[in-house]
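What follows is a set of notes on a single structure, which appears directly below.
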Amino acid sequence: MARYNPKEVEPKWRERWEKAHVFKTREDGSRPKYYVLEMFPYPSGRIHIGHVRNYAMGDVIARFKRAQGFNVLHPMGWDAFGLPAENAAMQTGSHPETWTRRNIADMRGQLKEMGLSIDWSREFATCDVEYYRWQQKLFLDFWKAGFVDRRESYVNWDPVDMTVLANEQVIDGKGWRSGAAVERKKLTQWVLKITDRAEDLLAAIDDGRLANWPDNVRAMQRNWIGKSKGATIWWPIASVPSFLPRATPDGGRGGGPNHGADPVEVFTTRPDTLFGASFLALAADHPLTAAVAAHSPEVAAFVARAAQGGTSEADIEKTEKFGVDLGLRVKHPFDPSRELPVWAANFVLMGYGSGAIFGCPGHDQRDHDFATKYGLPITPVVLPEGEDAKAFSVADKAFTGDGKLYNSEFLDGLSVDAGIEAAIARLEKLDLGKGETQWRLRDWGVSRQRFWGCPIPAIHCPSCGVVPVAEKDLPVKLPDVPAAEFATPGNPLTRTPPWLNVPCPKCGEPAKRETDTFDTFVDSSWYYARFAAGRTDKPLDKDAADYWLPVDQYIGGVEHAILHLLYARWFARAMKATGHLSVDEPFQRLFTQGMVTHATYQDSRGRWIPPEEKQEIDVSYESAAEDSFGHNPIQGILANLEGSPREFVERYEEQTNYLGKYLYVGVVQTGSHDQDLPLLVGSIEKMSKSKKNVVAPEVIANSVGVDAARWFVLSDSPPERDVEWTEAGVSGAWKLVNRIWDLAEPHEGLLARADPGKAPADADIDLRRATHATIAGVSDDIEHFRFNKAIARIYEFLNALKSFTATPALRDADLRSAPQGEAERKIEPHPEEPRSGVSKEARAEALYALVRLIAPFTPHLAEEAHEHIGGKGFVCDAPWPKADPALLVKSTVVLGVQVNGKRRGEIEIAADATNADAEKAALALDEVKRHIGSGAVKKIVVVPGRIVNIVAG
RNA sequence: GCGGGUGUGGCGGAACUGGCAGACGCGCCAGACUCAAAAUCUGGUUCCCAAAAGGAGUGUCGGUUCGACCCCGACCACCCGCACCA
């Protein structure tokens, strides 16, 4: 029979789909809508397996919902602005747009080969003028609404590339590309005021609006927003040295009329421990520290030393705490007669709170470390439950738990929570502090000093200041810049006078355009809405947006759990406030899929070896013990290894333990590299070019077809976990494709001859039950993103189907005695001679269900098989099969029988049998009798349909 | 340190609301077909005991229950995110 040939079949169906426009989304209010969206790709050049998995998942959902009768929107586009295009331009001398457009064309072709049910008519790239012009309009609306600000802030500046770097692009204090030491530079940046919505962005995480998001993503967002409740406290400076700045008119609040300088502002979450305060500590870059440093070489030396330590690195833990006494004293808010020293300390950060803390060494470990080092007093003020006040000590370690306050005057006896409230009340009464909430979340700096991005529509006028571009003048298009311009570092926009020089929209005098472009996260913050409701004359069509949004299912990598998803959430709120949208949460359900990983290989010199260049060898135990030269090859290989052969040795031992008979000697590279160098089997990692463990999707598509690739990336591992790419796994998927094809092949035209809708005879009941149980199970699994289980169910069904199709006479047992030549028939069951009693109708029903159930996973194969068995039209247009509830109920059930909780046998009884029947049947079993023995039956627990447990003693 | 998650055969993983642990796939073993191999097909495959009978078994220890991978308590290991966040 004909071998299934994906190279012919797959393109054929893609052409047919395209010709019939089957995946074009029609506005249709009569059907319920379903919007499936995968995070759109950055056009880096090629599709990789990770994309395949991401889009295969989305496509399963899209096709499934479509078959269920939903009006499905499943679009695709390109996150097309960004740094790599400019870097490529610098290296290759081509324009960023040329590079980007070429990549898009390549990747579009590759994506189309995947057979995705995408409405390509809605495709756009964020670098299309028709997209970014509306982004500029949204920005102007946000500006008008007060969501935009301009602020001075520090940025990472690469002096060689002359650009701002994101924190992730700074490696060990150096630019990731240029390797130049990064400078901190103060720039005026455009800012979107996302902190204004911090409260609501946080509230939505826990009030049910994000109920269908993964817990870890919600937790990450919660942490990132970082709300902490506490108090701001103003500590009056006791005696003010002359060199300190004079008090500002409003800054002296609470300090009384005659303190001479502003009080020191401190934020704390534990105002209840105020009586345990023994010092104040300021950040090294706190203004007050700077003021003292100007007059004290010792303090200046401290500031210099503190600046050396890596501030953002993870090895902060190792950094020793150190500080310096500033020589200032402050008055305790609750007892002005008590004065505390003011220190500067390296562990206090200017970027959080007010850059100053009060140290309570008894109840904060960092303060404890610091106080111990510098001999500052340590006073306990919280007594744990059940501890004796005299015996309790915090000399060795800070106590951070709950308890009762003591040593705290008016707070004595209160719990921590009550103490916090009482302390805040007193502070507010004294006008020395107030209850306050601090956020970890910062406003979003969107300025990038780059060319390849959406221009920020603003104009700098010498007399009017910063002025928005008039709406009639939109879009602010990127100017035509010769490709050669990109060879020079910096932003070409600053060197393009005809574009740069414009009249001020307000006064008409000569002015200059803003040369910053938007962070590309802005582009991806609203694309989902544009897909759904794009219009040529405005950002969105509100009616269409109201119909389609929110996105019903969003799918992407967990690496976007914080920034992209947070920005998109804020953007939706801002768009709602400016009348463009009606939703504030754009993504109803979120799914974060795992990565595709692959084993890595390294030779003994540490070079990465591509998987296709390695060769596995097995050596039998006998030959391993001694080869023809009388050497043990394992020992030989191990002896040759340079560096650390640990990984290799572990694998080797593992294999001997299990197999005994065979030794997995490992992997020897062949091909272009040195022969017979032992290869280390490395860890299993995310596919990456640097580790040479990538597998190109097109290579798979050209051999076993995209259906097999799609099937593979969805089988085995649950979708949220990583899946390891293995050759064995791919060949398994290929085998599956052929199994299904073999089933369809002998039944050519079956649907035409049988009516799968006609209720078949009773004798078919087992097959029909299997069919309907599979329909119900697969539907439920897809609905709940359990693709691996849906696939397992399909395998189970195939196994069942086979037992119905193969005639018992041709089973293995009979084959041995069968005459020569008879075996041929076993491989190819006769289509018209199925197991006795199974009708054409039952088989037609089973196969028709099968092709529709596999369609979301392997759409080309489904179409081909469907056509082969005589189906009309497209499978992707066919309705999703419905399970008949009557066939999901069994007439008899098998119950496990336990004695004292251990399984001892099973009984098969009618599904509607009474408990008494079940008990009787269970007690009649020989195994049960034996295990009860001479003991008395004390109790019998019967769970109908599940189990019988006999308690005997 | 804080937050989230995960621990089940040789491997990836199933097990519904507390009810037959190991579905399904891979790998492996045996057999059929073949001169042989590949492919395919059939059967087997948690561990211990030669087998049967039996026993043990879901990271560890304890608890609740007729019954625990599942619930509770304490711990261990690993993964992810954040992090001198006051």
Meets criteria (surrounded by 15 or more Cβ atoms within 10 Å (Cβ to Cβ) and within 21 Å of A:LEU850 (Cβ to Cβ)) for A:TYR4
yes
Within segment A:185-210, the count of residues that are over 25 Å from the mean Cα position of the chain (by Cα) and acidic (Asp, Glu) comes to 1
Considering only segment A:565-584, how many residues are among the hydroxyl-bearing types (Ser, Thr, Tyr) and either more than 16 Å from RNA strand B (Cβ to nearest atom) or open to solvent by less than 10 Å² (accessible area, probe 1.4 Å) (or both)?
2
Failed condition for A:PRO719, given (1) more than 7 Å from RNA strand B (Cβ to nearest atom); (2) within 31 Å of the chain's Cα centre (by Cα); (3) not in a loop (DSSP other than H, G, I, E, B), with all others met?
(3)
With the first residue restricted to segment A:543-564 and required to be away from RNA strand B (no atom under 16 Å from the Cβ), and the second required to be hydroxyl-bearing (Ser, Thr, Tyr) and open to solvent by 10 Å² or more (accessible area, probe 1.4 Å), Cβ contacts under 8 Å at 6 or more apart or on different chains are A:ALA545/A:SER582; A:ASP546/A:SER582; A:LEU549/A:SER582; A:ASP552/A:TYR34; A:GLN553/A:TYR34; A:ILE555/A:THR592
Kindly indicate whether any position in segment A:696-705 is away from RNA strand B (no atom under 15 Å from the Cβ) and at pLDDT below 75.
no
Would you confirm whether any residue within segment A:121-131 is more than 22 Å from A:ALA574 (Cα to Cα), in a helix (DSSP H, G or I) and in contact with a Gly (Cβ under 9 Å, 6 or more places away or on another chain)?
yes
Can you confirm whether A:GLU745 is near RNA strand B (Cβ under 8 Å from one of its atoms) and at pLDDT below 90?
no
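For every residue, the table says whether it meets (1) under 19 Å from A:GLU265 (Cβ atoms); (2) β-branched (Val, Ile, Thr); (3) touching a residue at least 60 places away in the same chain (Cβ under 8 Å); (4) part of a loop (DSSP other than H, G, I, E, B).
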site	(1), (2), (3), (4)
A:GLU339	yes, no, yes, no
A:ALA344	yes, no, yes, no
A:VAL348	yes, yes, yes, yes
A:ALA371	no, no, yes, no
A:LYS390	no, no, no, yes
Taking segment A:50-87, which residues are under 15 Å from A:GLU783 (Cβ atoms) and assigned to a loop (DSSP other than H, G, I, E, B)?
A:GLN68, A:GLY69, A:PHE70
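Assess whether A:PRO245 counts as being at pLDDT below 90 and either within 29 Å of A:ALA304 (Cβ to Cβ) or crowded, with 17+ Cβ neighbours inside 10 Å (or both). Before the answer, list the steps.
Values: at pLDDT below 90: yes; either within 29 Å of A:ALA304 (Cβ to Cβ) or crowded, with 17+ Cβ neighbours inside 10 Å (or both): yes.
Criteria met by A:PRO245.
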Which members of segment A:774-794 meet the condition of being farther than 11 Å from A:SER715 by Cα and aromatic (Phe, Trp, Tyr)?
A:PHE785
Counting only residues in segment A:722-735 that are more than 6 Å from RNA strand B (Cβ to nearest atom) and modelled with pLDDT of 90 or more, the one farthest from the chain's Cα centre (by Cα) is identified as A:TRP734
Among the residues in segment A:756-770, are any in contact with an Asp or Glu (Cβ under 9 Å, 6 or more places away or on another chain), of a type in the set (A, V, I, L, M, F, W, C) and under 30 Å from A:ALA701 (Cβ atoms)?
no
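Here's the yes/no breakdown for (1) of a type in the set (Gly, Ala, Ser); (2) over 27 Å from A:ASN54 (Cα atoms):
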site: A:PHE70; (1), (2): no, no
site: A:ALA88; (1), (2): yes, no
site: A:ARG108; (1), (2): no, no
site: A:MET114; (1), (2): no, no
site: A:LYS144; (1), (2): no, yes
Take A:ILE49 and decide whether it is surrounded by fewer than 24 Cβ atoms within 10 Å (Cβ to Cβ) and within 19 Å of the chain's Cα centre (by Cα).
yes
Could you please let me know if A:LEU751 is away from RNA strand B (no atom under 16 Å from the Cβ), assigned to a helix (DSSP H, G or I) and either out of contact with any Pro (no Cβ under 7 Å at 6 or more places or on another chain) or open to solvent by less than 10 Å² (accessible area, probe 1.4 Å) (or both)?
yes
Pairs with Cβ under 6 Å, 6+ apart, first in segment A:398-410 and open to solvent by less than 30 Å² (accessible area, probe 1.4 Å), second of a type in the set (Phe, Trp, Tyr) and in a helix (DSSP H, G or I)
A:SER408/A:PHE275
Which residue, of A:THR488, A:THR437, is surrounded by fewer than 16 Cβ atoms within 10 Å (Cβ to Cβ), over 36 Å from the mean Cα position of the chain (by Cα) and of a type in the set (Val, Ile, Thr)?
A:THR488
Pairs with Cβ under 7 Å, 6+ apart, first in segment A:709-733 and surrounded by fewer than 21 Cβ atoms within 10 Å (Cβ to Cβ), second in a helix (DSSP H, G or I)
A:ASP716/A:GLY729; A:ASP716/A:ASN788; A:SER717/A:ASN788; A:PRO718/A:ASN788; A:GLY729/A:PHE712; A:VAL730/A:ILE700; A:VAL730/A:ALA708; A:VAL730/A:PHE712
Every residue from segment A:781-796 that is near RNA strand B (Cβ under 9 Å from one of its atoms) and assigned to a helix (DSSP H, G or I):
A:ASP781, A:ASN788, A:LYS789, A:ILE791, A:ALA792, A:ARG793, A:ILE794, A:TYR795, A:GLU796
Is at least one residue of segment A:87-96 open to solvent by less than 30 Å² (accessible area, probe 1.4 Å) and closer than 24 Å to A:TYR554 by Cα?
no
Among the residues of segment A:363-383, is there at least one that is open to solvent by less than 30 Å² (accessible area, probe 1.4 Å), within 14 Å of RNA strand B (Cβ to nearest atom) and out of contact with any Ser or Thr (no Cβ under 9 Å at 6 or more places or on another chain)?
yes
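The values are calculated or read from the model by the stated rules, or taken from the named source; none is laboratory data. This structure is a prediction, so every number in the text was calculated from the model and none was measured. Note: ideal-geometry Cβ built from the backbone for every residue, glycine included; neighbour counts use all protein chains shown. Calculation scope for accessible area: heavy atoms of the full protein, side chains included, ligands and nucleic acids excluded. Shrake-Rupley method; radii C 1.70, N 1.55, O 1.52, S 1.80 Å.
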